[in-house]
Amino acid sequence: MKRLSAHTHAALLAVAFAIPSLTALPAVAAATPVAAPAYDAALARRTGADEHGMRPYVLVVLKTGPRRMPDGEARNAMFAGHFANMERLAEQGKLVLAGPFMKDPAGWRGLFVFAVADLEEARRLTESDPVIVSGEMVAEYHPWYGSAANMLVPELHKQLVPPSPPASSP
């Protein structure tokens, strides 16, 4: 049996420690074949999937705009309208993903992923948002080609949000 060089041995140890989940896999799990899921033509049609299971989208990066709305009722109303607008667009099947970025020094505030035909439609939809109308945020548009499975995110997300407790009566 050939001995490993010290360099090769050190490299293998580095990989083993860097990826502990690989060293922790039981031998049985690693040897068990995973069956490929069956193709679902109806689901592919419903999500707009092409022959690769993909579809076009428009990514909208929301960035800090030129006018910060001062704290208070008007700002609260603007963001309430922002969330209502996103919900409306998701219900229409246009907005498939949305969410804020974590602290970003470049001023990136949030992301929309629209399932629309072109950049112009994404612009029209984004321009209906109160954070854009007020100048709190500005939008940057990018065509994107991604998995058609993204179309399922809105319905799956609803299953992850617990119901709100009923409002108490006075």
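The values are calculated or read from the model by the stated rules, or taken from the named source; none is laboratory data. Predicted model, so just to flag it, every value in this text is computed and none were measured. Cβ atoms come from the backbone with ideal geometry, glycine included; neighbour counts cover every protein chain shown. Side chains are part of the model used for accessible areas, which takes the heavy atoms of the whole protein and leaves out ligands, DNA and RNA. Shrake-Rupley method; radii C 1.70, N 1.55, O 1.52, S 1.80 Å.
Checked across region 138-160, the condition of being surrounded by 14 or more Cβ atoms within 10 Å (Cβ to Cβ) and over 18 Å from the mean Cα position of the chain (by Cα) holds for at least one residue.
As a summary of the residue check, ARG55 satisfies the conditions (1) open to solvent by 50 Å² or more (accessible area, probe 1.4 Å); (2) in contact with a helix residue (DSSP H, G or I) (Cβ under 6 Å, 6 or more places away or on another chain); (3) of a type in the set (Lys, Arg) except for the one numbered (1). A count restricted to region 64-93 and to residues that are buried (at least 16 other Cβ atoms within 10 Å of the Cβ) and over 14 Å from the mean Cα position of the chain (by Cα) stands at 7. Is there a residue being out of contact with any Gly (no Cβ under 9 Å at 6 or more places or on another chain) and not in a loop (DSSP other than H, G, I, E, B) anywhere in region 161-170? Within region 161-170, none of the residues are out of contact with any Gly (no Cβ under 9 Å at 6 or more places or on another chain) and not in a loop (DSSP other than H, G, I, E, B).
Pairs linking a residue in region 132-147 that is without any contact (Cβ under 8 Å) to a residue 12 or more places away in the chain to a residue that is exposed (fewer than 14 other Cβ atoms within 10 Å of the Cβ) and not hydroxyl-bearing (Ser, Thr, Tyr), with Cβ atoms under 9 Å and 6 or more positions apart or on different chains, are VAL133/GLU127. The set of residues in region 117-137 that are open to solvent by less than 60 Å² (accessible area, probe 1.4 Å), modelled with pLDDT of 95 or more and not in a strand (DSSP E or B) comprises LEU119, GLU121, ALA122, LEU125, THR126, ASP129, PRO130, VAL131, ILE132, SER134, GLY135, GLU136.
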